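Student: Here's a structure for you.
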Amino acid sequence: MFVLWLLGPTSSGKTKIASDLLVSLRGKNFPVIHYDGDEIRDLFGDSISFSSKDRHKVVSTIVYLANKACDAEMNVIVSALTANNDTRKFVIENVNNLITAYVKCSIDECIRRDPKGLYKKAKEGEINTLIGFNEHYPEPENPDMIL
C-alpha cells in the first residue's frame, strides 16, 4: 500500500492528475481512494480560515485519513497545496508508505489555467490568501518525483 502525495501551487493540475490516476488504478482493480485538500477544507465549512494554523489542520486531517485508509489496505492519492515547509515536514514524518510528487507548474501557467477563478479574485483584491500569488509558493526540497 502507498500514499502518493501530490503537492504544488493552485491550478497546477494536482486534482486532475489524482482523478485520472484514480480512474486508471481502479480500472486495474487496485484498491485506491483520493483525498483532495479542497474537499477536506470544505468539510470544516466556515469554521476554518486560510491561516497557517488552519492550513495545518486540513493537512493533519488528511494525514490521519490517509494513514487509516492505508492501514485498511487501500492505496491513497492525496492532492493538496502543502505549501508550508513545516507542514511538509509533518507529512513526511507522519505518513506511512509516503511517496511525494511535486506537480511543477509555473505560476504564469497556473494563472492562465485558473479553473476556479482564484487568481482573478486575487488580482482584483477580492482575496489575499492565495499562495503563489499573494505569498510565494516554495518548491519542495527532495520530492520523490517531479511531474
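The values are calculated or read from the model by the stated rules, or taken from the named source; none is laboratory data. Model, not experiment: these values are computed from the prediction. Every residue, glycine among them, receives a Cβ derived from its backbone with ideal geometry; neighbour counts consider all protein chains shown. Accessible surface is based on the protein model in full, side chains and every heavy atom, while ligands, DNA and RNA are left aside. Shrake-Rupley method; radii C 1.70, N 1.55, O 1.52, S 1.80 Å.
Student: Cβ contacts < 9 Å: first residue closer than 11 Å to I33 by Cβ, restricted to region 69-85; second residue of a type in the set (S, T, Y) and not in a helix (DSSP H, G or I), any location; separation 6+ or different chain. Result?
Tutor: Sorted first by the residue in region 69-85, then by its partner, the pairs are A69/Y35; V76/Y35; I77/Y35; V78/Y35.
Student: Tell me, which residue of region 132-144 that is assigned to a loop (DSSP other than H, G, I, E, B) and under 21 Å from S51 (Cα atoms) is modelled with the lowest pLDDT?
Tutor: Initial filter on region 132-144 (assigned to a loop (DSSP other than H, G, I, E, B)): 132-134, 136-144.
Still in the running and under 21 Å from S51 (Cα atoms): 132-134, 136-140.
Numbers: G132: 83, F133: 88, N134: 88, H136: 86, Y137: 90, P138: 92, E139: 92, P140: 94.
Filtering region 132-144 for residues that are assigned to a loop (DSSP other than H, G, I, E, B) and under 21 Å from S51 (Cα atoms), the one modelled with the lowest pLDDT comes out as G132.
Student: Here's another thing I want to ask about it. So which residues in region 114-131 are within 17 Å of the chain's Cα centre (by Cα) and either over 21 Å from R55 (Cα atoms) or exposed (fewer than 13 other Cβ atoms within 10 Å of the Cβ) (or both)?
Tutor: Selection gives P115, K116.
Student: Moving to a separate point now. Of (1) open to solvent by 50 Å² or more (accessible area, probe 1.4 Å); (2) free of Cβ contacts under 8 Å to residues at least 12 places away in the same chain, N134 satisfies all except one. Which?
Tutor: Checking N134 against (1) open to solvent by 50 Å² or more (accessible area, probe 1.4 Å); (2) free of Cβ contacts under 8 Å to residues at least 12 places away in the same chain, the one that fails is (2).
Student: Got a number for residues in region 54-81 being modelled with pLDDT of 95 or more and under 18 Å from I17 (Cβ atoms)?
Tutor: 8
Student: Something else now. How about region 65-102: which of its residues are within 14 Å of the chain's Cα centre (by Cα) and of a type in the set (G, A, S)?
Tutor: Of everything in region 65-102, those that are within 14 Å of the chain's Cα centre (by Cα) and of a type in the set (G, A, S) turn out to be A66, S79, A80, A83, A101.
Each row is one residue, and each column tells you yes or no for (1) under 19 Å from T100 (Cβ atoms); (2) in contact with a Ser or Thr (Cβ under 8 Å, 6 or more places away or on another chain).
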{"site": "S11", "(1), (2)": "no, no"}
{"site": "V23", "(1), (2)": "no, no"}
{"site": "G37", "(1), (2)": "yes, yes"}
{"site": "I48", "(1), (2)": "no, no"}
{"site": "V78", "(1), (2)": "yes, no"}
